[in-house]
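Below you'll find the structure, written out as structure tokens, and then a few comments.
None of the figures in this text is laboratory data; all of them are computed from the coordinates on show. The structure displayed is predicted, hence computed values, not measured ones. Backbone-built Cβ (ideal geometry, glycine too); neighbour counts: all protein chains shown.
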Amino acid sequence: MRILIIGPGRAGGALALAAAGAGHEICGLVVRSPLRWELGFPLVESRWPAADLVVIATRDGEIAEAARQAVDHHPPAAIVHLSGATSISVLSGLAARGWEVGSFHPLQSLPDPQEGARVLAGSWVAVTASGHVRELLRELAASLDMQDFDLDDQVRSIYHTGAAAASNFLVASLDLAQQFFEKARVPFAAAEPLSRAVVGHAFALGARPSLTGPIVRQDWETVRLQRSAAAELGEEALRQFDLLAAATAITASVVLPADLKVHRD
């Protein structure tokens, strides 16, 4: 498959490297800002090469402009964006001109192209498309050793919020944990087996059944001791603790005592 990528940043670069490794031809990169990483693929200037699949890998707010650029430089073909949150309606102008449109959102954290390419294999990918482009994306996913699933465009915001909770929110709690461990002069790496086990239990048993700790057993004195420890780290750490404790109480279906509740100004 000949693939042209517009905006080869973290996600686009990762896809380019992984696809090339799987035997696809990356026929060009359309660079919209200076490249942060050397990817080794040809950069497109005035004349765009013909591709079987055009991939828009820009930031969400730049997808519409990238689509207009594609209309001006490439004949109608299959085109997808990599956003998990943006509706494929952003590509409706291309569909009206004979393009086949869709989206291909890897459900994975891609910190840079090299690491991203490595972790794509084994990951799931949300696909919003039909007809020929759906089959094209199914073939692409299979070649990358990814598990594809259909995502209804109407529930994209719900899906993407879930993805954020499964990734960004975890990092927020680990950030607080790292602060506590460093204050106690304990290696943060010591928490890795614990965190991996907890995540494994959540996927094996369900998130709520796997919850343990002082909040679920309503051991409020221990929670108060923890909150005092958070206060020693400063106002921001205390706020993080309060918000995470409140979220944990919701998961545990318990009510925090008044002195442990988040108080809004």
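Using the 10 angstrom Cβ neighbour count as an exposure proxy, how do Leu39, Leu4 rank, fewest first?
Numbers: Leu39 22, Leu4 27.
Going from sparsest to densest Cβ surroundings: Leu39, Leu4.
Between Ala78 and residues 5 or more places away or on another chain, which pairs have amide H atoms under 5 Å apart, with H built 1.01 Å from N, and which residues are they?
Val54, Glu100
By DSSP, what percent of the beta bridges with both residues in the chain are antiparallel, rounded to the nearest 5?
Working: 5 of 27 bridges.
Restricted to the chain, the bridges split so that about 20 percent are antiparallel.
Relative to the longest principal axis of the C-alpha atoms of the chain, give the angle of the C-alpha long axis of helix 10-21, reported between 0 and 90° and rounded to the nearest 10°.
60 degrees
Among Thr58, Ser210, His105, flag the residue with its Cα farthest along the positive direction of the charge dipole of the chain, charges on Cβ as +1 for Lys/Arg and -1 for Asp/Glu.
The Cα lying farthest towards the positive end belongs to Ser210.
Determine the shape class of region 127-265: with a ≥ b ≥ c the square roots of the Cα gyration tensor eigenvalues, call it rounded for a/c under 1.5, and otherwise prolate if a/b is greater than b/c, oblate otherwise.
On the way: a/c = 2.51, a/b = 2.05, b/c = 1.22.
Taking the square roots of the gyration eigenvalues as a ≥ b ≥ c, region 127-265 is prolate.
Only one of the values (1) 29, 20, 18; (2) 40, 20, 16; (3) 43, 19, 17 was calculated from this structure for semi-axes √(5λ) of the Cα gyration tensor in Å; name its label.
(3)
Please list, in order, the residues from region 100-137 whose amide nitrogen is less than 16 Å from a point placed 7 Å along the Cα→Cβ vector of Phe149.
104-109, 122-129, by backbone N distance to the label point.
Taking the simple approach of a point 7 Å from Cα along Cα-to-Cβ for both Glu221 and Thr251, what is their distance in nm?
2.6 nm
Can you figure out the FRET efficiency of Thr212 with Arg47, using R₀ = 51 Å and their beta-carbon distance, to the nearest 0.05? Present the calculation step by step, with values, prior to reporting the outcome.
Values: r = 60 Å, r/R0 = 1.18.
Efficiency computed from Cβ-Cβ geometry: 0.25.
Quick one: dipole size for the chain, taken about the Cα centre, charges +1 on Lys/Arg Cβ and -1 on Asp/Glu Cβ, in debye to the nearest 20. Working shown, then result.
Values: 22 positive and 29 negative charges, 50 e Å.
Dipole size: approximately 240 debye.
Can you compute the FRET efficiency between Ala172 and Ala85 using 1/(1 + (r/R0)^6), with r the Cβ-Cβ distance and R0 = 22 Å? Round to the nearest 0.05.
Working: r = 19 Å, r/R0 = 0.85.
Efficiency computed from Cβ-Cβ geometry: 0.70.
Residues with beta-carbon under 11 Å from that of Arg32, excluding Arg32: net charge, scoring Lys, Arg +1 and Asp, Glu -1? If you can, show how the numbers build up before the last one.
Details: positive: Arg59; negative: Glu62, Glu65.
Net charge in that neighbourhood comes out at -1.
Provide the net charge surrounding Val223, with neighbours chosen by a C-beta distance below 11 Å and charges set as Lys +1, Arg +1, Asp -1, Glu -1.
Details: positive: Arg217, Arg224, Arg227; negative: Asp219, Glu221, Asp242, Asp259.
Computed value for this residue: -1.
Hey, in the GNM for the chain with a 10 angstrom Cα cutoff, which one of Trp124, Trp220, Trp48 fluctuates hardest?
Result for the chain, Cα springs under 10 Å: Trp220 fluctuates most.
What does the convex hull of the alpha-carbon atoms of region 23-79 project to on average, in nm²?
Working: hull surface 17.6 nm².
Computed as one quarter of the Cα hull surface, the answer is 4.4 nm².
Name the long-range amide H neighbours of Ile6: under 5 Å, sequence gap of 5 or more, or other chain; modelled H, no Pro or chain starts.
The answer is Val30, Val55, Ile56, Ala57.
Neighbouring Cβ atoms within 10 Å as the yardstick, rank Thr212, Thr58, Thr222 fewest first.
Working: Thr212 10, Thr58 26, Thr222 13.
The most exposed by this proxy come first: Thr212, Thr222, Thr58.
Tell me, in nm to one decimal, what length is gained between Asp72 and Glu182 on full extension, where the rule is 0.36 nm per residue of separation less the Cα-Cα distance? Write down the numbers at each step before the final one.
Numbers: separation 110, 0.36 × 110 = 39.60 nm, distance 5.39 nm.
That works out to 34.2 nm of additional length.
Anyone know which of Gly162, Gly213, Gly23 comes out most mobile in the 10 Å Cα GNM of the chain?
Result: Gly213 has the largest fluctuation of those listed.
Report, in debye and to the nearest 20, how large the dipole of region 59-112 comes out about its Cα centre when Lys and Arg carry +1 and Asp and Glu carry -1 on their Cβ.
140 debye
Count charges around Pro214 for me, please; just the other residues with Cβ under 12 Å from its Cβ, Lys/Arg as +1, Asp/Glu as -1.
Working: positive: Arg217, Arg224, Arg227; negative: Asp219, Glu221.
Taking every other residue near Pro214 into account, the sum is +1.
Determine, for Arg2, Arg185, the number of other Cβ atoms within 10 Å of each Cβ, and report the residues in order from fewest to most. The partial results should precede the final answer.
Details: Arg2 15, Arg185 6.
If I rank by nearby Cβ atoms, fewest first, I get Arg185, Arg2.
Just to be sure I understand: with springs between alpha-carbon atoms less than 10 Å apart, which residue in Arg217, Arg134, Arg97 has the highest mean-square fluctuation in the Gaussian network model of the chain?
Between Arg217, Arg134, Arg97, it is Arg217 that shows the largest mean-square fluctuation.
Once the Cα atoms of helix 156-183 and of the chain are each reduced to a long axis, what angle between those two axes, in degrees from 0 to 90 to the nearest 10, is obtained?
That helix lies at roughly 50 degrees to the long axis.
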